[in-house]
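Structure record follows, encoded as structure tokens.
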Amino acid sequence: MGFFSEQNIVITGGTRGIGAAISRAFLEQGAAVVATYCRNQEAAQAFKQSCGAAGERLVLEQFDVADSAAVAAFFTRYEQQFGVLHVLVNNSGIRRDALVAMMEQEQWSSVLRTNLDGTYYMCRGAIPLMLSGRYGRVINIGSVGGKMGLPGQANYAASKAGQVALAKSLSREVAKKKITVNTVLPGFIQTELLADLPADLVAQYKKDIPMKRFGQVEEVASAVLFLASREASYITGSTLEISGGL
Ligand code: NDP
């Protein structure tokens, strides 16, 4: 038994980094979890193994969130297996940093396709499954970068700001149906996504963070579980920063 037993959860990019911590936290609270990934099958299998007995309630799904047909096919499979959906976490995301003047079209487009189009495709598939149960929680994993902007990350920041705007609009469309839509905005969180940052830049970023450290994946997961809870019933269209005070 747990706070989310008898609930079905879908988490994109749910097998590594922040997404894996969110999947694990829901599993610990009794949920049935579908964690998706794109390419890294090895990491996905290792994650399932690490879940022990709770892994029996974990289903792995491989597809690219930027591929609208693949997302639609996923929701067809999902509906046949699970029927209703209670919580969708749009977590999958990528960075392809470059200064705007030097940014290749593909660097811009791939980030927008994965981070923003992917969020739209997943919401489009999930909302009908929530409407039929007259209950739902959608949580986007945005970024403080979408508010602040960072040099070299115009594509990433634009995609993350877009997720907030999408969530705010969608929240108004479904509010009467007891479906809430919110976005969490992590700051710098210790994952492989930041593995390529040069050491001097990491030191500079840590100096700028009031808490003087990067966040842990579990610190994002606990905020997501709160927004996904029944108790968060009057919070919608909002953003929650998890950034150590940035
Ligand atoms: P990781 O790089 O550690 O993990 C990313 C996950 O997304 C992986 O599971 C990956 O799958 C999946 N993914 C990537 N592209 C696709 C795709 N096209 N289709 C489906 N799944 C895909 O990232 P983090 O855990 O650090 O980040 C998770 C989210 O949090 C992202 O949206 C990121 O922008 C956001 N965020 C992260 C911050 C940080 O400091 N780490 C700060 C602010 C926001 P696979 O394993 O197959 O590669």
Revision key, fill the gap. Note to self, the chain gives a 222 nm [θ] from helices alone (DSSP H runs n ≥ 4, -39500 (n - 2.57) apiece, / all residues, nearest 500) of -13000 deg cm²/dmol
Practice item. Enter the angle in degrees (range 0 to 90, nearest 10) between the Cα long axis of helix 41-50 and the first principal axis of the Cα atoms of the chain, meaning the one along which they spread out most. Key: 60
Exercise for review: Measure out, as a whole number of angstrom, how far apart the alpha-carbon centroids of the range 60-99 and the range 124-138 sit.
Suggested key: 14
Revision key, fill the gap. Computed over the chain: longest principal axis from alpha-carbon atoms vs helix 118-131 long axis, angle to nearest 10 degrees, is 20
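Packing-wise, with mean Cβ within 10 Å as the measure, how do 63-73, 155-165 rank, highest first?
Per-residue Cβ counts within 10 Å, averaged per peptide and sorted highest first, yield 155-165, 63-73.
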Study note, to complete from the structure: P(r) of the range 19-67 over all Cα-Cα pairs, 10 Å bins starting at 0, rounded to whole percent, reads 27, 57, 16, 1
Exercise for review: Considering only lysines 8 or more places apart in sequence, or on different chains, count the pairs in the chain whose C-alpha atoms sit under 30 Å apart.
Suggested key: 19
Point to revise | Mean-position separation - Cα centroids, the range 185-240 and the range 22-56, in angstrom | key: 20
Exercise for review: Give me the angle, in degrees from 0 to 90, between the Cα long axis of helix 154-174 and the longest principal axis of the Cα atoms of the chain, rounded to the nearest 10.
Suggested key: 30
Study note, to complete from the structure: A correct Kirkwood calculation over the Cα atoms of the range 1-85 returns a hydrodynamic radius in Å of 12.8
Review point. How do the peptides 182-190, 37-45 rank, highest first, by the average count of neighbouring beta carbon atoms within 10 Å per residue?
Key: 182-190, 37-45
Revision key, fill the gap. In vacuo Debye sum over C-alpha of the chain, base-10 log of normalised intensity I(q)/I(0) at q = 0.14, 0.16 Å⁻¹, listed in q order, is -0.89, -1.18
Study note, to complete from the structure: At q = 0.12, 0.13, 0.25 1/Å the base-10 log of I(q)/I(0) from the Debye formula over the alpha-carbon atoms of the range 122-215 is -0.50, -0.56, -1.25
Check your understanding: How would you classify the range 166-246 from its alpha-carbon gyration tensor, with a ≥ b ≥ c the square roots of the eigenvalues: rounded for a/c under 1.5, else prolate if a/b is greater than b/c, otherwise oblate?
Key -> prolate
Exercise for review: Provide, in order from the shortest bin, the percent of all Cα-Cα pairs of the range 156-199 in each 5 Å bin, continuing until the bin that contains the maximum pair distance.
Suggested key: 5, 19, 18, 18, 13, 11, 8, 4, 2, 1
Point to revise | Residue list for the range 36-71, given a label point 7 angstrom along the Cα-to-Cβ vector of E106 and an amide N cut-off under 12 Å | key: none
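Computed from the coordinates by the stated procedures, all read-outs in this text should not be read as laboratory data. Everything numeric here is computed off the predicted structure, so don't read it as measured data. When we count neighbours, we look across all protein chains shown, and the Cβ atoms used for this are built from the backbone with ideal geometry, even at glycine.
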